[in-house]
1. From the backbone phi of the stretch 355-362, what are the Karplus-calculated ³J(HN,Hα) couplings (6.51 cos²θ - 1.76 cosθ + 1.60, θ = phi - 60°) in whole Hz, Gly and Pro given as x?
2. In terms of modelled amide H atoms, which long-range or inter-chain residues lie less than 5 Å from the amide H of GLY62?
3. Of ALA153, GLN122, TYR105, which is farthest along the charge dipole of the stretch 83-172 in the positive direction, counting Lys and Arg as +1 and Asp and Glu as -1 at C-beta?
4. Using a 10 Å cut-off on Cβ atoms, rank the peptides 198-204, 462-468 from the highest mean neighbour count down.
5. Output wanted: per-residue J couplings in Hz (rounded whole) for the stretch 110-115, from phi through Karplus 6.51 cos²θ - 1.76 cosθ + 1.60, θ = phi - 60°, x for Gly and Pro.
6. Hey, got the dipole for the chain? About the Cα centre, +1 on K and R Cβ, -1 on D and E Cβ, debye to the nearest 20?
7. Run through the stretch 309-399 and list the trypsin sites (Lys or Arg not before Pro) located in a DSSP loop whose Cβ has at most 11 other Cβ atoms within 10 Å.
8. For Cα pairs less than 8 Å apart in space and 6+ apart in sequence, what is the mean separation divided by the residue count of the chain, i.e. the relative contact order in percent?
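Just so it is clear, none of the values below were taken in a lab; they were calculated from the coordinates. Note that this is a predicted model, so its numbers are computed, not measured. Quick reminder, even Gly has a Cβ in these numbers, built from the backbone with ideal geometry, and neighbours come from all protein chains shown.
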Amino acid sequence: MKKLRRGILVFLPITLTILMALSSWSCTNIVVGKDASADGSVITSHTADGAFYDARVRTIPGKTFPAGSKADVFWNIVMEEDYEPKKIGEIPQVEKTYTYFHVGYPFMNEHGVAIGETTIGQKEELKTFHPDARAIMTIEQLEVFALQRAKTAREAITVVGELAEKYGFLPSCGSEGECITITDSTEAWIFEIRSAGLMWTPDSGKPGAVWVAQRVPDDCVVIVPNMSRIREIDVNDKNNFMASKDYMQPAIDNGWYDPNSGKPFIWQEAYSPLTGNDDWSLSSMWIRNRLYTLYSQLDPTREWDPYAETMSYPFAIKPQKKLSVQDVMTMLRSHMEGTPFDMAAESAWDIREGDKIAKSPLTTPFVTKDLRNLLKIPYNRPVAKWDCAYSFVSQARSGYPAPVRTVLWFGYDNPHTTCYVPIYSGVLETRKNWRTFDRNTFSLDSTQWAFILADDLVNHRYQEAIADLKAVREPLEQGFAKQVLEIDKKALELAQKDPAQAQEYITKFTNECMEKTEKAWWQLNWDLISKYNNNKKK
C-alpha cells in the first residue's frame, strides 16, 4: 500500500493542476420521449461540466412542517465556489415535502421526477448578478423546490415558474439563462428561463423571470447543448406548451420584437445573443459541434453540415432507431470521433515508425491546454469533458410504483471514462463513500476521487489505457443492466405487499452496485499506476 500511495502522489499534482485550470459552465442534455426509447421509458440526461460541482449523492428525506414555517433559499448549492452554501433568503414552506436526491444540480425525487440542467445564453439587458441583485432563485435552488413539491413534470414546471416570477431568477452560471429538462414516467419537457435584469425588485409589480416550456414529442429526441432550443410558442396548445404570462413583454420593451410586425415571436432569437465573442451566442462553434455530432448519430442517413447555423436544427428529431439507456450513455461519452472536431484525429499526433506513419500512444481526445499549445492542436469542445463532475441518464417507466418508477444511472467525472451505476427513485440512503468528497484533499474513502484519478491516469497513455478501463467497465455495466431486470421483478412483488420492504430491497441493491464499482475502480487505479508508470522500460 505504501508503494501505491507513492504512485498516487506522483500523478495527483498533475490531476489537480489540470482540473483547476480548465473551464466549466457547460453541460449537455439528451432527452428521449417514451415512443423514441427502446423500452418505452422517458429519458433525460445531464453532464455537470464543472470540475468541482457538488457530486455527493445524498438523499434528503421529505418532512411535514407546521403552518407558518419557512424554507431557506441558498446561494452556491452547486459548490462551484469552495465554501458551503450561504442562505440569501427564505420563502413560505409547504406542509409536506418529498424525498429527493441532492447533488450540485438536484436530479430526482421519490416520485421518479428527474431533472437535467444546461446553461443557455441571454442578452445583456436581462443579466443580473449576485450579490447585487434582489432576485434570489438560482436554477439549482428551483430544482430543489420542484423536487420537494412536485409529483409530475408539469407540476415541477409550475413550481419553478411561479417561484422564479415571484422571487426573481438569479443566474449562478456566470450571468446566463438556464434550461432544465424535466421528465416523469409519461412526459418529457424542455423548460427555459431568463432573468429580469439587475434593476428588478420584488415590489416592482413585474415578474422576476420570463420562461417557457415545450413538451418533447413522444416519438422524438431533443438535444440541448447550452443553447435555447424553443422557438415559436402556442400558449393555447396546453398539451405541448406552458409559459409565463408576460413571456413576450421584455422582448417588446427592449425593442427585440414588434407585435405589430406581423412576424411570429421566436423565443430563441428574442432572448439569446446571436453572434459576437460570447461563447453563449447562438453562433458559437462549441454549440454547433455538439449539435452536429449528436444529430449525426440520431439520423446518420441525413447529410448534416458540421458548420451549419445552430438555429437550422429542428427542435426535436425522430431517431433512426429507438434509443436504449446504453445508447444515451454512448452519446454522452462521445469525443466527436469521426467528425472534423475530434482532437485525437489531428495530424500532430502522427509519428514515424520505419516507413509507416502511426498514431502516438500518447494520442488522446482529451488534450490539456498545455499540450494543445505544444502540439498546435486547435480546441474543440467535446460532448464528454474531462472536467465533468458527474453525469447521469435517467429512465422513468410508466406502470411502476414510485419506489422503482425511475432508475437513474449515475457516473462520476468524465462520462467517457465513468461507470454508470443504477440508483432507484425509492432508495433511502446512498453509500457513505459516494457522499464523501473534499476537493482539496485526496482520499481513498471518496469514490469520486477514484474516478478523478482513473480518468487522469488513462489520459496519460490513452491509446492503451482506455482498453484497460473498458475491460473493467463493460462487465460491470452489462451486469447491472441484467440485474435491474431481476431486481424490478422482486421489487414489484414487494411493493404490492409492503412498499417499505421494497425500498429496503432496492436500497441494498443500489449500495451493493456502488460498493462493487468503487472497489473495481480503485483496483483499476492500482493496475494503471503499475502498468504505465515512467519506470517501465520503453
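1. Each residue of the stretch 355-362 in turn: 8, 10, 9, 10, 7, 4, x, 7 Hz.
2. It is THR99, TYR100, by chain and number.
3. Positive-end residue among those listed: ALA153.
4. Ranked by mean Cβ neighbours within 10 Å, highest first: 462-468, 198-204.
5. Result, ordered by residue: 5, 8, x, 5, 10, 9 Hz.
6. My answer is approximately 1540 debye.
7. LYS321, LYS376
8. 16 percent
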